[in-house]
Amino acid sequence: MTKFAYIATDKDHKPINGTTEQIDRASVIAALTKQGLRPISIREAKALTSGFSLDRFINSNKVKPDHLVMMTRQLSAMVGAGVPLVRALTSLASHSESPALKTILGTVIKDVEGGSGLGDALSKHPTAFNDVYVNMVRAGETAGILDEILKRLAAQQEKSATIRKKVRSAMAYPTVLIVITILAFFGLMLFVIPQIGKILTDLGGPDAKLPDITLFMLGLSNLITGFWYIVFPLIGGAIYGVLRYIKTPNGKARFHKLILHIPGLRTIVQKIALAHFARTFSALMGAGVAVLECLHVTARSVGNVVYEQALNDAAVQVKNGKPLSVVISENPLFPPIVSQMLSVGEETGQTDTVLVKVADFYEEEVDVAIEGLSSIIEPTMIVLMGGMVGLIAASVMAPIAGLAQNIQ
């Protein structure tokens, strides 16, 4: 698709400037004529490769899930009430609280007015509308049940947002404890331990024999205080390098495999992935999307590379004629309940309904698992902080006790 800038006149001969994305100039002319406009000038718009652009800055902002859910529900209500699609989108764009969503909807409206389907128009904005959203909208347009599909989309997004919020809230307290522990450690190493070392040297003299633990703490403190301009950049660079590596395909795959081998985290990640799989696959099946397309789209949205590869492999076997329930039962990543429920759904023709129950089950299991992990992490972090303070206290008290005995 090529972006064109045009100048046209309406029925009242008023000039109208705008842009549209079409295959060629003939498509632009056809789209404008369909809107009742008379083309005057059409030229290919050249994208700016440098310089600051307010629109580009706005478009770079992500649409918040809450705004997307609200927009989806409102669009579903208006379409169900018989409001024309363009008018509904225009109303949503004018009343949206999200600048990014307002800009995106403005582009979507132009595409729909130009003859594109809603799903095709939304697919041009993958940062706001993922594959699941686009494919369900397309299926709803094809089946003539767009309002019902949008209701399902909104419900699915709310469920996904709820899981994310619960995970974040559960990890908030442990994260704060970790940050406090790290700051306290470097604070003690930079400001407290050097003063204590000076006091011990003044009391016992330069030749005083100090315990090994005290020598270790003093040496570590001297290293950090003497070479902080090397230590801190090294630590920052290491963290940055690890985060960048995790974002690469190979790094993401290794990281996701590692998570599935960590006790505690494995259970939560597995149940979240299964809940996403069941909820997304159910929504797509209910929208009338083909099974193979459901598997490929669900794989991209499940959130874990290991499960993504498993679902893509399952799609290959299903294409060769194997039932999905049988394929799932042969993969240890999926518990027996998933394959059994899928088998019941295939026999009754109600796979989408059955998988909704599976999704509800695993979402409840996620809540229980997160609470259990939080109850383990919190005392563990407290013990680590206490151990750090105790280690420093021992490195200080041991030489003081030794000096006191020598004085006696």
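Just so it is clear, none of the values below were taken in a lab; they were calculated from the coordinates. Computed from a predicted structure; not experimentally measured. A quick note on method: Cβ atoms are made from the backbone with ideal geometry, for glycine too, and the neighbour counts reach across all protein chains shown.
Sparse packing (at most 14 other Cβ atoms within 10 Å of the Cβ) combined with a DSSP loop state is found for the following GluC sites (Glu not before Pro) in segment 277-354: GLU330.
For THR9, the amide hydrogen comes within under 5 Å of the amide hydrogens of ILE16, ARG38, ILE40, counting only partners 5 or more places away or on other chains and with H modelled in the peptide plane. Stokes-Einstein diffusion for segment 194-312, with the hydrodynamic radius set to the Kirkwood value over Cα pairs and evaluated at 25 °C in a medium of 0.890 mPa s, equals 129 µm²/s.
The relative contact order of the chain, computed from alpha carbon pairs under 8 Å that lie at least 6 residues apart in sequence, is 14 percent. Loop-located trypsin sites (Lys or Arg not before Pro) across segment 200-303 with a Cβ neighbour count of 16 or fewer within 10 Å are LYS209, with loop assigned by DSSP.
Across segment 173-408, the mean sequence separation of Cα contacts (distance under 8 Å, 6 or more residues apart), normalised by length, yields a relative contact order of 25 percent.
Pairs from the table (LYS252/LYS322; LYS166/LYS247; LYS64/LYS165; LYS166/LYS271; LYS62/LYS102) lying more than 20 angstrom apart at Cα are LYS252/LYS322; LYS166/LYS247. To the nearest ten degrees, helix 351-407 and the longest principal axis of the Cα atoms of the chain are 20 degrees apart.
FRET efficiency for the LYS34 to THR162 pair, using the beta carbon distance and R₀ = 60 Å, is estimated at 0.90.
Of the chymotrypsin sites (Phe, Trp or Tyr not before Pro) found in segment 181-236, those in coil by DSSP whose Cβ has at most 12 other Cβ atoms within 10 Å are PHE227. Rounded to the nearest 20, the size of the Cβ-charge dipole of the chain about its Cα centre is 1040 debye, with Lys and Arg at +1 and Asp and Glu at -1. Overall, the anisotropy analysis places segment 205-264 in the oblate class: the square-rooted eigenvalues a ≥ b ≥ c of its C-alpha gyration tensor yield a/c not less than 1.5, with a/b not exceeding b/c.
Roughly speaking, what is the centre-to-centre gap between segment 112-164 and segment 212-257 when only Cα atoms are used, to the nearest Å? So the two Cα centres are separated by 43 Å. A dipole drawn for the chain from +1 and -1 charges on Cβ atoms has a positive end, and of LEU295, VAL306, PRO15 the residue lying farthest that way is PRO15.
What is segment 303-342 by shape, rounded, prolate or oblate, if you read a ≥ b ≥ c off the alpha carbon gyration tensor as root eigenvalues and call it rounded for a/c under 1.5, prolate for a/b larger than b/c, and oblate otherwise? Oblate is the answer for segment 303-342, as a/c is 1.5 or above yet b/c matches or exceeds a/b.
ALA369 sits among other residues whose Cβ lies under 13 Å from its own Cβ, and their net charge, with Lys and Arg +1 and Asp and Glu -1, is -2. Assuming 0.692 mPa s and 37 °C, estimate D for segment 2-44 with Stokes-Einstein, Rh taken as the Kirkwood radius over Cα pairs, in µm²/s. Reported coefficient: 327 µm²/s. Among the listed values (i) 1.34; (ii) 1.39; (iii) 1.00, the one matching Cα Rg over 2.2 N^0.38 Å as calculated from this structure is (ii).
For segment 57-182, the normalised intensity computed at q = 0.10, 0.14, 0.15 Å⁻¹ comes to -0.36, -0.62, -0.70 (log10 of I(q)/I(0), Debye sum over alpha carbons, equal scatterers, no solvent). Label segment 127-281 by shape, choosing from rounded, prolate and oblate, from the square roots a ≥ b ≥ c of the eigenvalues of the Cα gyration tensor; if a/c is under 1.5 it is rounded, and otherwise prolate applies when a/b is larger than b/c, oblate when it is not. Judged from the Cα gyration tensor, segment 127-281 comes out prolate (a/c at least 1.5, a/b above b/c). Among HIS125, GLY321, ALA139, which residue has its Cα furthest toward the positive end of the charge dipole of the chain, with +1 on Lys/Arg Cβ and -1 on Asp/Glu Cβ? Of the listed residues, the answer is HIS125.
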